[in-house]
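The values are calculated or read from the model by the stated rules, or taken from the named source; none is laboratory data. Since we're looking at a predicted model, the values are computed, not measured. Virtual Cβ from ideal backbone geometry, glycine too; neighbours counted across all protein chains shown.
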Amino acid sequence: MNVYEKLLKARLALKGIKKGGKNEYAKYDYYELGDFLPKVMEICSEVKIIPMVSFGDVATLTIVDLEKPDDKIVFESPMSAASLKGCHEVQNLGAVETYLRRYLYQTAFEIVESDILEQSVGNPAQKKDKFDDSELRDFEVRISASDLTDRQKQATLKMLPSYSRDALNALDEKLKKRGF
């Protein structure tokens, strides 16, 4: 069996997991790492593959065939940043890495949940009315960074639909005043 067949077998064996995370503000449930990672590791052991996560310019999850270590499947995601209120840089880094790990595993093992972004797009009741100062600074840093890849720029721009038209107009004015 090759690494692709083993991953498919693992995906098919992964069932019956429940969402443990709850976003009370936006009213949706989501998967946390602890909801599926123990089961994923158990299944991976059975089919003889190992998922390994690493962070660099991009976040990667590499599935390695334990019987043929040269056989691998790599999943990638652009790196991001977090700016959580009341947290220092290391805590923000931890948040980014935790989110990216979760998304990489969900991608690799086809763990599906409803599209949270799609739920809020077009629903004015769920759109934010304004950018707070930390979000504005984060957005400025992201769009002014010349070394961002096209994928990272696209990921940054994907957050915009969650804001109201008034908030986006205000953002545009603030950025113009700051020379962007």
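With Ser54, Ser45, Ser80 as the choices, which residue is of a type in the set (S, T, N, Q) and either assigned to a strand (DSSP E or B) or touching a His at 6+ places or on another chain (Cβ under 9 Å) (or both)? Outline the logic, then answer.
Working: Ser45 fails: either assigned to a strand (DSSP E or B) or touching a His at 6+ places or on another chain (Cβ under 9 Å) (or both); Ser80 fails: either assigned to a strand (DSSP E or B) or touching a His at 6+ places or on another chain (Cβ under 9 Å) (or both).
When all the criteria are applied, what remains is Ser54.
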**Q.** Top-ranked residue in the range 104-118 [being in a helix (DSSP H, G or I) and of a type in the set (Val, Ile, Thr); ranked as modelled with the lowest pLDDT]
**A.** Ile116
Q: Please state which of the following conditions Ser83 fails to meet, knowing it meets all the rest: (1) closer than 25 Å to Pro38 by Cβ; (2) in contact with a helix residue (DSSP H, G or I) (Cβ under 6 Å, 6 or more places away or on another chain).
A: (1)
Q.
Looking at the range 11-37 only, could you name the residues that are among the aliphatic types (A, V, I, L, M), surrounded by 14 or more Cβ atoms within 10 Å (Cβ to Cβ) and in a helix (DSSP H, G or I)?
A. Ala13, Leu33, Leu37
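Condition first: in contact (Cβ under 8 Å) with a residue 60 or more places away in the chain, in a helix (DSSP H, G or I) and buried (at least 16 other Cβ atoms within 10 Å of the Cβ). Can you find one or more residues in the range 93-103 that meet it? Lay out the reasoning, then the answer.
Restricting attention to the range 93-103, the residues satisfying the condition of being in contact (Cβ under 8 Å) with a residue 60 or more places away in the chain are 98, 101-102.
Restricting the remaining residues to those that are in a helix (DSSP H, G or I) gives 98, 101-102.
Restricting the remaining residues to those that are buried (at least 16 other Cβ atoms within 10 Å of the Cβ) gives 101-102.
Looking for residues that are in contact (Cβ under 8 Å) with a residue 60 or more places away in the chain, in a helix (DSSP H, G or I) and buried (at least 16 other Cβ atoms within 10 Å of the Cβ), one finds at least one in the range 93-103, hence yes.
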